[in-house]
Amino acid sequence: MIRTALFRRAAPAFWVALLLCAAPVLARAYPLPHDSPVPGGVKILKLDVQSDSMPYVEVEGHRALVVRDDSSWIAIIGIPLSAPLASRQVIVRSGDGRKELQFTIGDKQYASQSLKVAPGQVNLSKADLERVNRDKEIIEHAMSRWSDGQPETLRMPQPVPGVRSSSFGMRRIFNGESRSPHGGMDIAAPVGTPVLAPLAGMVIDTGDFFFTGNTVFVDHGRGMISMYCHLSAIDVKPGQHVAAGATLGKVGMTGRATGPHLHWGLSLNRAWVDPELFVAN
Ligand code: ZN
């Protein structure tokens with residue numbers, strides 16, 4: 001009887017304590033993005049690898065993001081918007097040997113969008129074309145960066161508050177002419193709104209580019225690179241480590257932009273993927 005009474009009195013505190021103890025255990029599962037094996041999406045592959053050292057996973061000649069979740073290794077493969085709807089080969093090298101995996105890329109229909117911009121931003125002058133080619137090299141160099149640290153999470157807040165457009169993947173028609181599809185997420189926000197790093201990382205590079213305007217690239221580890229474009233101000237320097245929530249710059253409309261917004265790009269294994277798959281809320 002005394003025991004029961006004690007237990008009853010202790011019960012609420014006991015359950016609170018149990019919940020507090022259980023919370024970190026429950027939160028231990030590594031947060032993954034949505035699995036969406038379509039062009040512009042990601043494929044999550046659980047790897048049957050026993051080795052404790054990080055397996056080397058390769059897709060289309062590029063090293064892919066691999067994370068450790070408790071006892072298993074998981075690959076998160078970025079799928080470019082230009083990927084054909086076919087099976088894709090993934091090579092896994094580990095202490096267990098070499099394995100080949102395959103997955104199928106399914107279809108996704110993206111809408112098209114007509115935009116009006118200054119004529120010189122669609123049919124480029126020779127000088128602008130040369131600049132765009134130089135920009136492209138810098139951007140591809142940033143995308144190709146690899147560092148070994150595991151990203152702290154693969155679920156993150158959006159870098160600025162505001163309505164997230166579903167413009168990723170849209171086929172874009174500028175002044176009636178078809179151009180490359182949209183490889184990021186646009187978030188409309190007033191000029192000057194701070195752009196916050198959604199995840200810790202290191203600033204790879206910053207610059208002022210023809211299409212993307214003032215831009216910041218951040219390396220979050222293992223081939224996951226983010227890009228913040230059209231900024232009115234850049235508040236970080238290459239080589240700088242940033243914590244989650246650090247201010248990278250301010251929203252603007254530099255480069256080819258029809259109004260103030262943040263263009264947020266996220267690249268895995270050098271493929272631009274839909275940031276929406278990684279948003280935490
Ligand atoms: Zn954009």
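Throughout, read-outs are computed from the coordinates displayed, never taken from laboratory work. Just so we're clear, the structure is a prediction, and the values are computed from it rather than from any experiment. Please note: Cβ atoms are built from the backbone with ideal geometry, for glycine as well, and neighbour counts cover all protein chains shown.
Here are a few things to note about the model shown:
- Within the range 247-256, being crowded, with 20+ Cβ neighbours inside 10 Å and near the ligand (Cβ under 10 Å from one of its atoms) holds for one residue alone: 256.
- Residue check: residue 135 meets all listed conditions (1) under 18 Å from residue 246 (Cβ atoms); (2) of a type outside the set (A, V, I, L, M); (3) surrounded by 18 or more Cβ atoms within 10 Å (Cβ to Cβ) but one, namely (1).
- The range 233-245: number of residues that are over 17 Å from the mean Cα position of the chain (by Cα) and either closer than 11 Å to residue 202 by Cα or among the polar types (S, T, N, Q) (or both): 6
- Screening the candidates 80, 151, 84 for the property of being out of contact with any helix residue (DSSP H, G or I) (no Cβ under 7 Å at 6 or more places or on another chain) and surrounded by fewer than 11 Cβ atoms within 10 Å (Cβ to Cβ) yields one hit, 84.
- Taken together, the residues in the range 178-199 that are touching a Pro at 6+ places or on another chain (Cβ under 8 Å) and either away from the ligand (no atom under 13 Å from the Cβ) or not in a strand (DSSP E or B) (or both) amount to 10.
- Test: residue in the range 101-112 that is outside any strand (DSSP E or B), polar (S, T, N, Q), over 24 Å from residue 219 (Cα atoms) and more than 19 Å from the chain's Cα centre (by Cα): yes
- Segments classed as strands (runs of 3 or more DSSP E), wholly inside the range 216-272, with at least 2 members that are in contact with a Gly (Cβ under 7 Å, 6 or more places away or on another chain) and among the aliphatic types (A, V, I, L, M): 224-231
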